[in-house]
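Report on the structure given below.
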Amino acid sequence: MNNTQDPSLEEIESLQKRCVSLEQTIDELKMKLAWYEEQLRLSQKRRFGASSERSNGDSAQLSLFDEAEAEVEAHPEATEEPVLETITYKRKKQKGQREETLKNLPVERIEYRLSEDEQICTACGHPTHEMSTEVRRELKIVPAQVTVVEHVRFVYACRHCERTGTETPIVTAPMPNPVILGSLASPSAIAYVINKKYVEGMPLYRLEQQFSRQGVTLSRQTLANWVIQGTDRWLRPVYERLHEHLLARRYLHADETPLQVLREPERAAETQSYMWLYRSGRDGPPIVLYEYQPTRAREHPARFLSGFHGYLHVDGYVGYSDLPDVTLVGCWAHARRKYDESLKALPASDRDRPSAARTGLEYCNRLFAIERGLKTSSVEERYETRLKQSRPLLDEYFAWVETQSGQVLPKSALGKAIGYSMNQRSRLETFLQDGHLELDNNRSERSIKPFVMGRKAWLFACTPRGANASAMAYSLAETAKENHLNPFTYLKYLFEQLPNLDLENREVLDSLLPWSDRLPDEVRHPRR
């Protein structure tokens, strides 16, 4: 006899509820596991993978090792070898390339001649003559040399007055003012130190060692003092004049990056500070300005950009919001990067398959393809073409984003990509308003990169005063480079001129700015 009783209706309902609950828990755990796997793949990609964001739709960039294979795949019709005839020839050296490289360099000529006794024909014994010449060219590198320059000015007096008069007039020959009174620093020395640290990324302790190997004892504290005094006393007026010109522009870019300053008042050494970047856009000569601030608060761009009225290209950081009389322009490179990351976060087997991440990336690629076709277009043509081609694409894209927003996890890589575009939509569409505007904020990213690369070498600033000096040094060096000037020769020229000029005169300062036609030719890069 079977004593097993059938479960009651209440027990069945309880079991069903438990099953539903367990299924929900399993789904949540699966989503969490997928998220953790995604984060692991992204972490490994950032640590070990290539940093390039190129996708299959971008122009091909051949690696060092697969160039031959890629050429064969790209041109399969050319893989068959000719069988009829083989022609052997010597490839002629391309003419003009070497001459173009050497044309702006000074030439040191060394001539090799036979002595008179050797200028005798070996066949008949008669004198020979110069028939032609053979020329071999080499590049000669002269390392940095340190010499002492003595500035000696003479004092003049009248001997007649000395013998007959009660007063003797004394006249002293004029002499340029020094950069730093009572210091060994010369204009070229300070410019050299700034160029080494802020253009070439050499820390001062390595520069100290370099001078030591040349027999010159200059401590890094001395070198730092040269930089701080030189920038604070002489480069600051030029920096402030560049700031005035920047605020008068209509199209700007901004970005910021962390900086560690060890000895900030009332702050721990490991506290994060920031270097802010502001630069000009397409209109007018380039201006690149850095500013050190102890925080990332929105008050800093509001203060620095006070008086600016126009468009500001930024990323998604909220610190640029609510700037008066400023229209923010979003960055499609950031939007595209998030889809690129979400695609790389997928398992390797799924990356080449159709997916929402790939669809979002393709939308961005199509938008950038339109912009590449407008590089040489006029401002008006760019504006009209964007309305005809980019506007419909944006409408299609944001309609797709709306449908995706309810289907993805907000914290997943794809969810962050979708959320970024939704939150930044008004800024991402602003580039349609003016043909001067750009699709991305890559200008500021390129300009802040020299600071980021330099920071890897010298790691931190010791004091806020040193951080401010670094901001001004980077500003003058990068603005000089953007205007096709040699940073070293330009800085040297500034340190020669500024101590002897009226720095309250704006016209005088304007004559020293990197785009001034009154600058000497030696500060400019040779035009090729």
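The values are calculated or read from the model by the stated rules, or taken from the named source; none is laboratory data. Just so it is clear, the model here is predicted, and its values are computed rather than measured. Methodologically, a virtual Cβ is constructed for each residue, glycine included, from the backbone with ideal geometry; neighbour enumeration extends over all protein chains shown. SASA here: full protein model, heavy atoms, side chains in, ligands and nucleic acids out. Shrake-Rupley method; radii C 1.70, N 1.55, O 1.52, S 1.80 Å.
Values as computed for the structure displayed
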{"quantity": "Single residue of His253, His245 found to be assigned to a helix (DSSP H, G or I) and under 30 Å from His436 (Cβ atoms)", "calculated": "His245"}
{"quantity": "Tabulated pairs, the stretch 221-236, first among the small types (Gly, Ala, Ser), second open to solvent by 10 Å² or more (accessible area, probe 1.4 Å) and part of a helix (DSSP H, G or I), C-beta under 8 angstrom, 6+ apart or interchain", "calculated": "Ala224/Leu204; Ala224/Gly466"}
{"quantity": "Residue ID - nearest to Tyr192 (Cα to Cα), chosen from residues in the stretch 518-528 that are touching a Ser or Thr at 6+ places or on another chain (Cβ under 7 Å) and in a helix (DSSP H, G or I)", "calculated": "Val523"}
{"quantity": "Selected residue (criterion: farthest from Ser183 (Cα to Cα)) from residues of the stretch 223-244 that are open to solvent by 50 Å² or more (accessible area, probe 1.4 Å) and of a type outside the set (Lys, Arg)", "calculated": "Glu244"}
{"quantity": "Pair list, Cβ under 9 Å, 6 or more apart: the stretch 151-163 residue over 30 Å from Ala185 (Cα atoms), other residue outside any loop (DSSP other than H, G, I, E, B) and open to solvent by 100 Å² or more (accessible area, probe 1.4 Å)", "calculated": "Ala157/Ile170; Cys158/Ile170"}
{"quantity": "Subset tally (residues that are among the hydroxyl-bearing types (Ser, Thr, Tyr) and out of contact with any helix residue (DSSP H, G or I) (no Cβ under 6 Å at 6 or more places or on another chain)) for the stretch 251-266", "calculated": "1"}
{"quantity": "Residues (within 30 Å of Gln210 (Cβ to Cβ) and without any contact (Cβ under 8 Å) to a residue 24 or more places away in the chain) located in the stretch 106-138", "calculated": "Pro106, Val107, Ile110, Glu138"}
{"quantity": "Meets criteria (closer than 30 Å to Phe488 by Cβ and outside any loop (DSSP other than H, G, I, E, B)) for Leu184", "calculated": "no"}
{"quantity": "Search result, residues across the stretch 480-517 that are in a helix (DSSP H, G or I) and of a type in the set (D, E, K, R)", "calculated": "Lys481, Glu482, Lys492, Glu496, Arg506, Glu507, Asp510"}
{"quantity": "Failed criterion for Asn195 (all others in (1) farther than 21 Å from Gln497 by Cα; (2) in contact (Cβ under 8 Å) with a residue 60 or more places away in the chain hold)", "calculated": "(1)"}
{"quantity": "The stretch 256-275, residues that are open to solvent by 30 Å² or more (accessible area, probe 1.4 Å) and part of a loop (DSSP other than H, G, I, E, B)", "calculated": "Leu262, Arg263, Pro265, Glu266, Arg267, Ala268, Ala269, Glu270, Thr271"}
{"quantity": "Members of the stretch 432-483 found to be within 11 Å of the chain's Cα centre (by Cα) and within 20 Å of Gly330 (Cβ to Cβ), listed by number", "calculated": "Asn442, Arg443, Ser444, Glu445, Arg446, Ser447, Ile448"}
